Amino acid sequence: MQSKCGYSANIISVLGLAIVKKLLGIVVLGLLFSGNAYAEILPNTSPTGQYKFSSEFLTDGDYQNAEIAFKEFVIKNPNHTLAGNAQYWYAETFRIRGFYTDAAKAYLVGYQRYPKSQKGPINLLKLGITLIYIGEWDQGCKMIDGVKKQYNRASQSILQKAKLEYKKMCRDSNKKDKWVKEKGTIDFDDKVAEKPKKQEPKKQEPKKQEPKKKTPDPDDNKIVAASSGTGFYVSNTGHIISNHHVVEGCNTVKLTFKGKEVSADVLVVDKMNDLAILKANLTPSKIYSVAAEDASLLEDIIIAGYPLGKKVSAAIKTSKGSITALAGYGDNYSEFQTDAALNQGNSGGPIMDQKGNVVGVAVANYGKQSGVESFNFGIKSSTLKTFASANGLKFLPPNNKDLSNKDLGQLITEATIYLECHMTVAKIKRMIAEEKNRKAFFSEYQ
């Protein structure tokens, strides 16, 4: 059901009709002054290419050009799958610079036009926060509280953040003024088209935006722990197998060995099959062998790794299942499908049989974001062996006898490792903005 002003009943119920009309009026006023004109800086390429071009400005800390680029992207590609993300980052260019009224307007447009986009939940949360920043405490708190109602299937990190922000900013109305950072820029009683000349000072906003010339935030160049994945030892000299997407973009890859943090070098990657060989200067107590043949349909398998990083616990975790298809997504016969549980953070981990032989490398799951039963995939051992052989890495011969659960558990514990990717904050921002990013970034960066 649509309201007369074009907004859905959901947004009005959460935000309130008055604030919707008010912010909508400001948007209309901006169009009146601009003549609906905008600068054009995007290259003449595909929408995906234009989106990546826009994201580069964010990475460089050039928020003024990022604002222009993302605005142009949304205008030129309003129905593209990345339009909602672009609208969110457009709003972010204002919030980062402290222009909270402009940010609130942009977040509102994103919520109204692209409520089902990937950035929908975080967009609504930040709309609520910026409303509080401009003095609209009641409405802002409604928006923050509305995240769990509107997006009850959003990631736990966003739902938890909304809960914490509500607790911090909305529990005590006596302290609401402490959050105000920009007040008096909106008047509920304004009639937008009535007295445009009195609003003329808003045309001077570019001068207000001079702080855009500030140098990038020093934190952008800071190297931090950004994401996690899993790997496993395959040689006594410290060779490790994992996924390419686990180590992609990392300035450093770190692991823990006998209580000490150790860096691992990325020797070679296979981007097509999503594989990587790393090496650390250590001698593992246990290493995996690799199966002589690919797993067969319905064969029982075990997946080991660190799903969700160490958020649940620092202990190694396993799941059991069977091979449910001999081809991966899109009839990719270098992979197989399994019904064993697989989550972010499992990527790069070993998939083995009861003998302890690696029959695959955990790589991906599909379907969880859509609320359906997920499909989990592994890279076949034959694909892994071809990659390793081409790069001079030899594996142990496979075991011929089943291992006891105790022995198998010891192998899993000592030969499966938690990998942590360290990179600059600027690189994190850029990769999160990419359309097909698969890294398990820590929740504080999402």
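The values are calculated or read from the model by the stated rules, or taken from the named source; none is laboratory data. Bear in mind that the values here come from a model prediction, so they are computed numbers and not experimental data. A quick note on method: Cβ atoms are made from the backbone with ideal geometry, for glycine too, and the neighbour counts reach across all protein chains shown.
Quick look at the values:
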item: 3 or more residues aliphatic (A, V, I, L, M) and either more than 20 Å from the chain's Cα centre (by Cα) or not assigned by TED's automatic domain parsing to the domain that holds GLY356 (or both): qualifying strands (runs of 3 or more DSSP E) within the stretch 234-275; result: 260-270
item: Any hit, the stretch 400-415, residues being in contact with an Asp or Glu (Cβ under 9 Å, 6 or more places away or on another chain), assigned to a loop (DSSP other than H, G, I, E, B), of a type outside the set (A, V, I, L, M, F, W, C) and at pLDDT 80 or above; result: yes
item: Boolean, ASN343 is surrounded by fewer than 17 Cβ atoms within 10 Å (Cβ to Cβ) and closer than 14 Å to ALA364 by Cβ; result: no
item: First in the stretch 75-94 and in contact (Cβ under 8 Å) with a residue 60 or more places away in the chain, second anywhere and assigned to a helix (DSSP H, G or I), Cβ under 6 Å, 6 or more apart; result: LEU82/TYR51; TRP89/PHE70
item: Condition met for GLU335 (charged (D, E, K, R) and either touching a helix residue (DSSP H, G or I) at 6+ places or on another chain (Cβ under 8 Å) or farther than 27 Å from SER235 by Cα (or both)); result: yes
item: Which numbered condition LYS279 fails, given (1) within 24 Å of LEU411 (Cα to Cα); (2) surrounded by fewer than 14 Cβ atoms within 10 Å (Cβ to Cβ); (3) charged (D, E, K, R); result: (2)
item: Total residues in the stretch 286-314, condition assigned to a loop (DSSP other than H, G, I, E, B) and under 24 Å from the mean Cα position of the chain (by Cα); result: 9
item: Answer residue from the stretch 77-128, given it is under 19 Å from GLN64 (Cβ atoms) and of a type in the set (Lys, Arg) and is nearest to the chain's Cα centre (by Cα) among those; result: ARG95
item: Count of the stretch 133-156 residues which are among the hydroxyl-bearing types (Ser, Thr, Tyr) and over 10 Å from PRO121 (Cβ atoms); result: 1
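Here is a yes/no grid of residues against (1) surrounded by 14 or more Cβ atoms within 10 Å (Cβ to Cβ); (2) modelled with pLDDT of 50 or more:
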position: GLY140; (1), (2): yes, yes
position: ASN152; (1), (2): no, yes
position: TYR166; (1), (2): yes, yes
position: LYS176; (1), (2): yes, yes
position: LYS203; (1), (2): no, no
position: PRO211; (1), (2): no, no
position: THR215; (1), (2): no, no
